[in-house]
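The block underneath contains the structure these notes are about, expressed in structure tokens.
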Amino acid sequence: MKIIKVTELMVPLSEYAKVPVSATVAETVEALVLAQKGFNPSRYKHRAVLVVDEKDNFLGKINQTNILKALEPKYFEKLGIDSDMGIHRLSNYFLKSMVDKYDLFKEPFDVACKRAAQLSIEKIMYVPKAGEFIDKNDTLGEAIHRLVLGSHQSLLVRDENKVIGILRLTDVFSAVGAVMHPTKATIR
């Protein structure tokens, strides 16, 4: 049986949209839209933008959910909503009651979008936890284990302490599909 390393399936950092930590939400949305337009159509589109410092070192990431959260300031100010809160375990009734109780999304949509567009991404970026990093020499099995148990959409691939790529759940699933149905699925 062939051992597959995470580097065989990762998207190199050079192929990912990046923005400086000083960018606004609007600039980040623009970077994501441009990355999606220019990405190879045979692969899944990016759903995140990487945040880097002035030396191009990885600091965090902004995904589509982070951008949507920026539309409601109370998520950050009053509620302290974090990405890994386990909201998926809460009932629909409770989630709807939060909208009413905290008076969420009362601002007109276009006003919320214009306000959020000017926000610094430093306020809304997600800084991955230790379990979301994987070593470049780790196997696909180790990656699948982390993706499943952590319910992650991606893992950051490191060479020592430097992030060199992103291993996305969609690419791992494509590899699984290529083995299960070799005539119908392809890797990349």
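Could you please find all residues in the stretch 132-147 being within 21 Å of residue 64 (Cα to Cα) and surrounded by fewer than 19 Cβ atoms within 10 Å (Cβ to Cβ)? Let's see the steps before the verdict.
The first filter runs over the stretch 132-147 and keeps only residues within 21 Å of residue 64 (Cα to Cα), leaving 132-133, 147.
Scanning the stretch 132-147 gives 132, 133.
Take the conditions modelled with pLDDT of 85 or more, under 30 Å from residue 137 (Cβ atoms) and either in a helix (DSSP H, G or I) or out of contact with any Phe, Trp or Tyr (no Cβ under 6 Å at 6 or more places or on another chain) (or both) and apply them to residue 107. Does it pass?
On the way: modelled with pLDDT of 85 or more: yes; under 30 Å from residue 137 (Cβ atoms): no; either in a helix (DSSP H, G or I) or out of contact with any Phe, Trp or Tyr (no Cβ under 6 Å at 6 or more places or on another chain) (or both): yes.
Against the criterion (modelled with pLDDT of 85 or more, under 30 Å from residue 137 (Cβ atoms) and either in a helix (DSSP H, G or I) or out of contact with any Phe, Trp or Tyr (no Cβ under 6 Å at 6 or more places or on another chain) (or both)), residue 107 does not qualify.
In the stretch 46-56, how many residues are more than 8 Å from the chain's Cα centre (by Cα) and not in a loop (DSSP other than H, G, I, E, B)? Can you show your working first?
Pass one, the stretch 46-56, residues more than 8 Å from the chain's Cα centre (by Cα): 46, 50-56.
Right, trim to not in a loop (DSSP other than H, G, I, E, B) and you get 50-52.
Residues flagged as more than 8 Å from the chain's Cα centre (by Cα) and not in a loop (DSSP other than H, G, I, E, B) within the stretch 46-56 amount to 3.
If you go through the stretch 57-67 one residue at a time, do you hit one that is part of a loop (DSSP other than H, G, I, E, B), modelled with pLDDT under 90 and not aromatic (Phe, Trp, Tyr)?
Let us first name the residues in the stretch 57-67 that are part of a loop (DSSP other than H, G, I, E, B), namely 57.
Of the ones still in play, those that are also modelled with pLDDT under 90 are none.
There is no residue in the stretch 57-67 that is part of a loop (DSSP other than H, G, I, E, B), modelled with pLDDT under 90 and not aromatic (Phe, Trp, Tyr).
Specify the residue that is modelled with the highest pLDDT; the eligible residues are those in the stretch 39-56 that are exposed (fewer than 12 other Cβ atoms within 10 Å of the Cβ) and under 26 Å from residue 177 (Cβ atoms).
Looking at the filtered set, the residue picked out is 40.
Condition test on residue 29, is it at negative phi, at pLDDT 90 or above, assigned to a strand (DSSP E or B) and surrounded by 16 or more Cβ atoms within 10 Å (Cβ to Cβ)? Lay out the reasoning, then the answer.
Values: at negative phi: yes; at pLDDT 90 or above: yes; assigned to a strand (DSSP E or B): no; surrounded by 16 or more Cβ atoms within 10 Å (Cβ to Cβ): yes.
The answer is no for residue 29.
Looking only at the stretch 149-165, filter to residues that are under 23 Å from residue 55 (Cβ atoms) and loosely packed, with under 14 Cβ neighbours inside 10 Å; which one of those is nearest to the chain's Cα centre (by Cα)?
It comes out as 162.
Can you tell me which residue within the stretch 166-181, out of those that are in contact with a Leu (Cβ under 7 Å, 6 or more places away or on another chain) and not in a helix (DSSP H, G or I), is surrounded by the fewest Cβ atoms within 10 Å (Cβ to Cβ)? Talk me through it step by step, then tell me what you get.
We begin by selecting, within the stretch 166-181, every residue in contact with a Leu (Cβ under 7 Å, 6 or more places away or on another chain); these are 166-167, 169, 171-172, 175.
Keeping just the survivors that are not in a helix (DSSP H, G or I) gives 166-167.
On the way: 166: 22, 167: 25.
The selected residue is 166.
In the stretch 92-138, what count of residues is obtained for those that are of a type in the set (Ser, Thr, Tyr) and touching a Lys or Arg at 6+ places or on another chain (Cβ under 9 Å)? Walk me through how you get there before you give the answer.
Let us first name the residues in the stretch 92-138 that are of a type in the set (Ser, Thr, Tyr), namely 93, 97, 102, 120, 126.
Those still in the list that are touching a Lys or Arg at 6+ places or on another chain (Cβ under 9 Å) too: 102, 126.
Number satisfying all stated conditions: 2.
Which residue pairs have Cβ atoms under 7 Å apart, sit 6 or more places apart or on different chains, and have a first residue in the stretch 5-29 that is farther than 27 Å from residue 70 by Cβ and a second that is assigned to a helix (DSSP H, G or I) and among the β-branched types (Val, Ile, Thr)?
Listed by first residue and then by second, the contacts come to 9/172.
Residue 140 is checked against (1) within 13 Å of residue 25 (Cβ to Cβ); (2) over 15 Å from the mean Cα position of the chain (by Cα); (3) not acidic (Asp, Glu) and fails just one. What number does that condition carry?
(1)
The values are calculated or read from the model by the stated rules, or taken from the named source; none is laboratory data. Fair warning: this is a prediction, and the values are worked out from it, not measured in the lab. Note: ideal-geometry Cβ built from the backbone for every residue, glycine included; neighbour counts use all protein chains shown.
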